[in-house]
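Peer 1: Got a structure here, written out as structure tokens. Questions coming.
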Amino acid sequence: MDRSWTNSSGVDLYLEMPSGRGRRAAVETALRNAIRTGRLAAGQRLPSSRVFADEFGLSRGTVVEAYAQLTAEGYLRTRAGSGTEVAGTSGIRTRGSTEHVAEAVSADFRFGQPDLSEFPRSLWLRALRRAFSTAPTAALGPVDPRGCAVLRTVLADYLGRVRGVLADPNSVVICSGFSQGLRVLCDALSAAGGRCIAFEDPCLPEHRAIARAAGLEITAIPVDDDGAIPELSRDVAAIVLTPAHHAPLGCTLTAHRRREFVRLARESGAIVIEDDYNGEFRYDRQPIGALQGLAPDHVVYGGSISKMLAPALRLGWLVVPPTLIDGVIEAKRTADRGTSTIEQLALADFIETGNLDRQIRRVRPRYRRRRLELLATVTAAAPDISVTGAAAGLHAAIKFPDHGPTESDVLALASDRSIALTGLNQFWHNGNGKPGGLVLGFATPAQHAYANALSLLHTLLCDVFPST
Ligand SMILES: Cc1ncc(COP(=O)(O)O)c(C=O)c1O
């Protein structure tokens, strides 16, 4: 077997040439295999026959004939001015086709997304450009696992100003979203001998999976209208809470319960992990400050840019008490050695120039309007069903009554009508006997499509909850 690299004309190509055949047959087989298996995607340019021949030690005629044969078979095509490329035959992978798979949905009310059409592309691009053009050469070298000092400093100020977080830049660790923050925390707790972590019930199933993957056992903390109910078993090393806006039920943890959780953490030595999910989006009154401000030595504060800007940026942060900081830095170093520098510098610029504040002030009233329209739609279609959690954040929840349609029936009907919904059941630690329902994200449909999306939701709810 002959493995070769070419590096010419800007096109690198790796091919496995089968041995024991004529040279032309070997080239054809190698290219066919690479295209069939999707390693060479439709649209991929190939080196010119001259360059290919030089790199693989073949005669140019051999390559010209092989290219001609594969063109005749539909694997390749020639384009005037751009040479030979992989053809877009059906069944052959298209470049980029595995990314951004657009699902055909008429209305998307799935949980967990901001309105991506509001992403401030040109401002972000400007921040990225400034970050790149002003970064010293050393910024392109190995990174600090805690993140860039400039972003940690800017974030410490920002979080203090908008969320009441008490942060020193040295206590901030930048992660790839809150999800990775949770993972490195779990790794650090595990390395320090922790065995068990408590999550609200219900909570995001992905977060339970992250803790499990780090080797921790999971226990449940029940939630009522006032948020998580303070209780703690002895062997729990950490309690994960969403105090600002419970995910998914949307209640806010009361001041009394906040103090109770802090007291329990102090007494037991456990830490509270505050997932400040949607803390910036409060509609009915002033935002409620972060729980971390009450007890910075016992609370890890976690947040991310996913809802304020876009989840695709994968930027989040932890503010970590001194007792845990070294373990968290070590876990982050082990996980990936640190987060990409340029995006961190761009975010620091975006915050410092006031663009993040302006973006939140711009989208908040839009989300507030949408949330009112969603409430009106649900109430008009199903007046007996109460909607929770719409006072903040980007979603509201409804629980189905005991004697009514099941969650899977509703989801199936919605899917038939190309309405994308998120069911409540998966959020319970153990869904048996727990109410089904929906977690309705109201930020996703683009503004121009929102009225139509609501109308489809209205019809669906009228059909599944006919008035008696
Ligand atoms: C409850 C909760 N916390 C945090 C996040 C943010 O996660 P990340 O920062 O990893 O995108 C999400 C995202 O949907 C979430 O649902």
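Peer 1: Only one of Arg364, Arg337, Arg314 is within 16 Å of the ligand (Cβ to nearest atom), among the basic types (Lys, Arg) and open to solvent by 10 Å² or more (accessible area, probe 1.4 Å); which?
Peer 2: From the options Arg364, Arg337, Arg314, the qualifying one is Arg314.
Peer 1: So in the range 174-200, with the set limited to residues that are farther than 14 Å from Val300 by Cα and more than 16 Å from the ligand (Cβ to nearest atom), which one is most open to solvent (accessible area, probe 1.4 Å)?
Peer 2: Taking the candidates together, the pick is Arg195.
Peer 1: Considering every residue within the range 44-54, establish whether at least one is without any contact (Cβ under 8 Å) to a residue 40 or more places away in the chain, at positive phi and surrounded by fewer than 18 Cβ atoms within 10 Å (Cβ to Cβ).
Peer 2: So far as the range 44-54 goes, no, none of its residues is without any contact (Cβ under 8 Å) to a residue 40 or more places away in the chain, at positive phi and surrounded by fewer than 18 Cβ atoms within 10 Å (Cβ to Cβ).
Peer 1: Check Glu231 against each of (1) in contact with a Ser or Thr (Cβ under 7 Å, 6 or more places away or on another chain); (2) away from the ligand (no atom under 16 Å from the Cβ); (3) of a type in the set (Asp, Glu) and name the one condition it does not meet.
Peer 2: (1)
Peer 1: Also, quick follow-up: Which ones in the range 137-150 are away from the ligand (no atom under 16 Å from the Cβ) and either outside any helix (DSSP H, G or I) or surrounded by 21 or more Cβ atoms within 10 Å (Cβ to Cβ) (or both)?
Peer 2: Of everything in the range 137-150, those that are away from the ligand (no atom under 16 Å from the Cβ) and either outside any helix (DSSP H, G or I) or surrounded by 21 or more Cβ atoms within 10 Å (Cβ to Cβ) (or both) turn out to be Gly141, Pro142, Val143, Asp144, Pro145, Arg146, Cys148.
Peer 1: I'm checking my understanding of the structure. Among residues of the range 243-277 that are among the acidic types (Asp, Glu) and within 27 Å of the chain's Cα centre (by Cα), which one is surrounded by the fewest Cβ atoms within 10 Å (Cβ to Cβ)?
Peer 2: Asp276
Peer 1: May I ask you to say which residue of Thr153, Thr134 is touching a strand residue (DSSP E or B) at 6+ places or on another chain (Cβ under 9 Å), more than 15 Å from the ligand (Cβ to nearest atom) and on the phi < 0 side of the Ramachandran plot?
Peer 2: None of the other options fit; the residue is Thr153.
Peer 1: Name the single residue that is modelled with the highest pLDDT among those in the range 432-468 being polar (S, T, N, Q) and assigned to a loop (DSSP other than H, G, I, E, B).
Peer 2: Going through the qualifying residues, I end up with Thr444.
Peer 1: Just checking, does the range 118-127 include any residue being touching a His at 6+ places or on another chain (Cβ under 9 Å), within 16 Å of the ligand (Cβ to nearest atom) and not polar (S, T, N, Q)?
Peer 2: For the range 118-127, residues touching a His at 6+ places or on another chain (Cβ under 9 Å), within 16 Å of the ligand (Cβ to nearest atom) and not polar (S, T, N, Q): absent.
Peer 1: Return yes when Ala255 is without any contact (Cβ under 8 Å) to a residue 12 or more places away in the chain and more than 12 Å from the ligand (Cβ to nearest atom) and no when it is not.
Peer 2: yes
Peer 1: Mind checking which residues of the range 103-118 are out of contact with any helix residue (DSSP H, G or I) (no Cβ under 9 Å at 6 or more places or on another chain) and more than 21 Å from Thr377 (Cβ to Cβ)?
Peer 2: Selection gives Glu103, Ala104.
Peer 1: Counting only residues that are open to solvent by 20 Å² or more (accessible area, probe 1.4 Å) and more than 19 Å from Val184 (Cβ to Cβ), how many does the range 202-240 have?
Peer 2: Matching residues across the range 202-240 total 15.
Peer 1: Between Arg358, Arg369, which is more than 16 Å from the ligand (Cβ to nearest atom) and at pLDDT below 95?
Peer 2: Arg369
Peer 1: How many of the residues making up the range 9-43 are small (Gly, Ala, Ser) and open to solvent by less than 20 Å² (accessible area, probe 1.4 Å)?
Peer 2: Looking only at that region, the number is 6.
Peer 1: Restricting to the range 198-242, what's the tally of residues that are free of Cβ contacts under 8 Å to residues at least 12 places away in the same chain and more than 24 Å from the chain's Cα centre (by Cα)?
Peer 2: Total satisfying the criteria: 0.
Peer 1: Among the residues of the range 355-368, is there at least one that is under 30 Å from Ala139 (Cβ atoms) and of a type in the set (Asp, Glu)?
Peer 2: yes
Peer 1: Restrict the check to the range 119-131 and report whether at least one residue is of a type outside the set (Val, Ile, Thr) and farther than 17 Å from Leu309 by Cβ.
Peer 2: The answer is no, given that none of the residues of the range 119-131 is of a type outside the set (Val, Ile, Thr) and farther than 17 Å from Leu309 by Cβ.
Peer 1: Considering only residues that are at negative phi, of a type outside the set (Lys, Arg) and open to solvent by 60 Å² or more (accessible area, probe 1.4 Å), which ones fall in the range 429-444?
Peer 2: Asn430, Asn432
Peer 1: Then there's this: For Ser171, are the conditions met, namely being in contact with a helix residue (DSSP H, G or I) (Cβ under 8 Å, 6 or more places away or on another chain) and crowded, with 22+ Cβ neighbours inside 10 Å?
Peer 2: yes
Peer 1: Hey, could you check the range 286-309 for residues that are in contact (Cβ under 8 Å) with a residue 12 or more places away in the chain, more than 14 Å from the ligand (Cβ to nearest atom) and closer than 20 Å to Ala396 by Cα and say which is surrounded by the most Cβ atoms within 10 Å (Cβ to Cβ)?
Peer 2: So the residue we want is Ile288.
Peer 1: Quick one: which residue in Leu155, Leu125 is within 23 Å of the chain's Cα centre (by Cα) and free of Cβ contacts under 8 Å to residues at least 12 places away in the same chain?
Peer 2: The match here is Leu125.
Every residue, every condition in (1) in contact with a helix residue (DSSP H, G or I) (Cβ under 8 Å, 6 or more places away or on another chain); (2) of a type in the set (Ser, Thr, Tyr), yes or no:
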| site | (1), (2) |
| --- | --- |
| Thr323 | no, yes |
| Gly327 | yes, no |
| Thr339 | no, yes |
| Leu347 | yes, no |
| Ile351 | yes, no |
| Gly354 | no, no |
| Arg366 | yes, no |
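The values are calculated or read from the model by the stated rules, or taken from the named source; none is laboratory data. All values derive from a computational prediction rather than experimental measurement. Here Cβ is always computed from backbone atoms with ideal geometry, including for glycine, and neighbour counts include all displayed protein chains. Note: areas computed on protein heavy atoms with side chains; ligands, DNA, RNA excluded. Shrake-Rupley method; radii C 1.70, N 1.55, O 1.52, S 1.80 Å.
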